[in-house]
Amino acid sequence: MKYNVLLLGSGGREHALAWKIAQSPLLAEFYALPGNPGIASLAECVEGKADDFELVRRVVVEKNIDMVVCGPEDPLAGGLKNFLMSSPEVRKDLLFVGPDRDAARLEGSKDFAKEFMTANGIPTAAYRSFSADEKDDAAAFLETLRPPYVVKADGLAAGKGVIISDSLEEARASLDSIFGGKFGEAGSRVVIEEYLAGVEVSFFVLTDGSGYLLLPEAKDYKRIYDGDRGPNTGGMGSVSPVPFCDSEFVEKVRTRIIEPTISGFQKAGMDYRGFVFFGLMNCGGDPYVIEYNVRMGDPETESVMLRIESDLLQHMAAAARGKIADESIVVSDGAAMTCIVVSGGYPGNYKKGLPITGLDRLDGLTVFNAGTSVKDGRLVTSGGRVLAVSAKGRSLEEVRDRIYSRIDMISFEGASHRSDIGSDMINWADHD
Ligand code: AMP
Ligand code: GLY
């Protein structure tokens, strides 16, 4: 069978997913809501918002969609799958890639995720959670810990709800600001947890709730400046593979984390069909879960998609149908990297609408659009993270050199990027 696919979202992650989906011989018609100018060369883009459920339903019905792929977490946490599947107008055999509202709490509530991990014996930082009327207990608990202190808003806070502080005063102040409403409803509960020292890595699976395919792992670079300095961003680049993820480490991740997570879904009666993103900390060779996300990562997806050689659309259809056991994934043993070109001033204030030039001269690179739009027929900037400049090759060193020899041909007023993506991983052997 061939599939009419609707992809939800508008960032670099979604452009990378679209790029991969568009290569499938199983694709019939391809729509995106809202998509972006890069996605528009692969799919028909429908204006609107991915969390406008009525609009999503209308497109699903009018375009006779067979499969919905949801890029971002918000529609999932809001129950888009429940909404569509309970709509009488929507075909009962609609394939939906992404969890329902209940299962999406793994990302939507850190307290829920922590309880889930504890119940299933999954390694994670020790923690306690507190509601606003337990603020004094929360402050007293902080005093029993050693710095650095990790204080998290329970709910979705666009990746900003985690405050790590070196002093007790700062940690107490972060309690005040979270309970004081800095993250709105997301901060009506806080999780305080033990600090895990190590190196972060992102693992991804596609699951049907009983089996899973392991996707390539990736490392994300979150800080704005070289050397992991400066404020956090949505992600400045990514690489895949990650050198310390040798077969021994991957086996630990499978047996200690991925498999207990999936059997945890079954025990809890969660019907999870879609991607699970495990944000892990490698603490001296042992993996610990920092967070679950119920979607792919951005900018990890840009590197991950470049390394998958088998048909992702076929795998997603199998996951949504509960038939993942029939699938096997083929991953390139080469390397991929993405470097994000951002607007001047990001992650603070930045200008929008600046014309972008030089994209036609980038041989050997794949450029995913992250924050762009079209104005008067020209491609212009429309976000903080503008382009995900990506490449695949035999080694990380080769792709890093290829990207950095060409990335400055892209220009718009104020454009900047990190110049050290991948370098720590290329030099990884020196760390040991
Ligand atoms: P989260 O939103 O939970 O992924 O946290 C955001 C970032 O904070 C993570 O990517 C880590 O860099 C850091 N972080 C979160 N929890 C911890 C922890 N327990 N120990 C050390 N770093 C953490
Ligand atoms: N790259 C981290 C995230 O997508 O949340």
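Numbers at a glance
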{"quantity": "Pair list, Cβ under 6 Å, 6 or more apart: the range 40-65 residue farther than 14 Å from Met85 by Cα, other residue part of a helix (DSSP H, G or I)", "calculated": "Leu42/Ala18; Ala43/Ala18; Val46/Val59; Gly48/Leu55; Ala50/Pro75; Asp51/Asp74; Asp51/Pro75"}
{"quantity": "Residue among Val46, Val60, Val5 that alone is over 27 Å from Ser303 (Cβ atoms) and buried (at least 20 other Cβ atoms within 10 Å of the Cβ)", "calculated": "Val60"}
{"quantity": "Which numbered condition Ala388 misses (of (1) touching an Asp or Glu at 6+ places or on another chain (Cβ under 6 Å); (2) at positive phi)", "calculated": "(2)"}
{"quantity": "Residue among Lys182, Lys110 that is within 16 Å of ligand 2 (Cβ to nearest atom), within 24 Å of Leu76 (Cα to Cα) and among the charged types (D, E, K, R)", "calculated": "Lys110"}
{"quantity": "Pairs, first over 23 Å from Lys252 (Cα atoms) and without any contact (Cβ under 8 Å) to a residue 12 or more places away in the chain in the range 102-127, second more than 16 Å from ligand 2 (Cβ to nearest atom) and part of a helix (DSSP H, G or I), C-beta under 7 Å, six or more apart", "calculated": "Phe112/Arg105"}
{"quantity": "Test: residue in the range 262-272 that is surrounded by fewer than 23 Cβ atoms within 10 Å (Cβ to Cβ) and among the β-branched types (Val, Ile, Thr)", "calculated": "yes"}
{"quantity": "Residue among Gly180, Gly161, Gly198, Gly187 that is of a type outside the set (A, V, I, L, M), away from ligand 1 (no atom under 12 Å from the Cβ) and under 22 Å from the mean Cα position of the chain (by Cα)", "calculated": "Gly187"}
{"quantity": "Verdict on Asp246 being of a type outside the set (Gly, Ala, Ser), within 26 Å of Pro299 (Cα to Cα), within 15 Å of ligand 2 (Cβ to nearest atom) and loosely packed, with under 15 Cβ neighbours inside 10 Å", "calculated": "no"}
{"quantity": "Pair list, Cβ < 7 Å and 6+ apart or interchain, from the range 229-249 residues that are more than 23 Å from Tyr404 (Cβ to Cβ) to residues that are more than 16 Å from ligand 1 (Cβ to nearest atom) and in a loop (DSSP other than H, G, I, E, B)", "calculated": "Phe249/Gly285"}
{"quantity": "Answer from Ser303, Ser247 - the residue that is more than 23 Å from Val97 (Cα to Cα) and not basic (Lys, Arg)", "calculated": "Ser247"}
{"quantity": "Any hit, the range 345-367, residues being in contact with a Leu (Cβ under 6 Å, 6 or more places away or on another chain) and in a loop (DSSP other than H, G, I, E, B)", "calculated": "yes"}
{"quantity": "Conditions (1) under 29 Å from Leu80 (Cα atoms); (2) of a type outside the set (Ser, Thr, Tyr); (3) away from ligand 1 (no atom under 16 Å from the Cβ); number of the one not met by Phe278", "calculated": "(3)"}
{"quantity": "Filtered residue count, the range 156-179, keeping only those that are more than 16 Å from ligand 2 (Cβ to nearest atom) and assigned to a loop (DSSP other than H, G, I, E, B)", "calculated": "2"}
{"quantity": "Meets criteria (surrounded by 22 or more Cβ atoms within 10 Å (Cβ to Cβ), away from ligand 2 (no atom under 16 Å from the Cβ) and at pLDDT 95 or above) for Tyr225", "calculated": "no"}
{"quantity": "Hey, Gly78 modelled with pLDDT of 95 or more, closer than 27 Å to Lys392 by Cβ and of a type outside the set (Phe, Trp, Tyr) or not", "calculated": "no"}
{"quantity": "Qualifying positions in the range 111-155 - more than 10 Å from ligand 1 (Cβ to nearest atom), of a type in the set (A, V, I, L, M, F, W, C) and outside any helix (DSSP H, G or I)", "calculated": "Ile122, Phe130, Leu145"}
{"quantity": "Flag for Val380 being touching a Cys at 6+ places or on another chain (Cβ under 9 Å), surrounded by 12 or more Cβ atoms within 10 Å (Cβ to Cβ) and in contact (Cβ under 8 Å) with a residue 24 or more places away in the chain", "calculated": "no"}
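Yes or no, residue by residue, for (1) among the hydrophobic types (A, V, I, L, M, F, W, C); (2) within 16 Å of ligand 2 (Cβ to nearest atom); (3) under 26 Å from Ile21 (Cβ atoms):
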residue: Lys252; (1), (2), (3): no, no, no
residue: Pro260; (1), (2), (3): no, no, no
residue: Phe265; (1), (2), (3): yes, no, yes
residue: Gly274; (1), (2), (3): no, yes, yes
residue: Gly285; (1), (2), (3): no, no, no
residue: Pro299; (1), (2), (3): no, yes, yes
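The values are calculated or read from the model by the stated rules, or taken from the named source; none is laboratory data. This structure is a prediction, so every number in the text was calculated from the model and none was measured. Because the Cβ atoms are built from the backbone with ideal geometry, glycine has one as well, and the counts that use them run over all protein chains shown.
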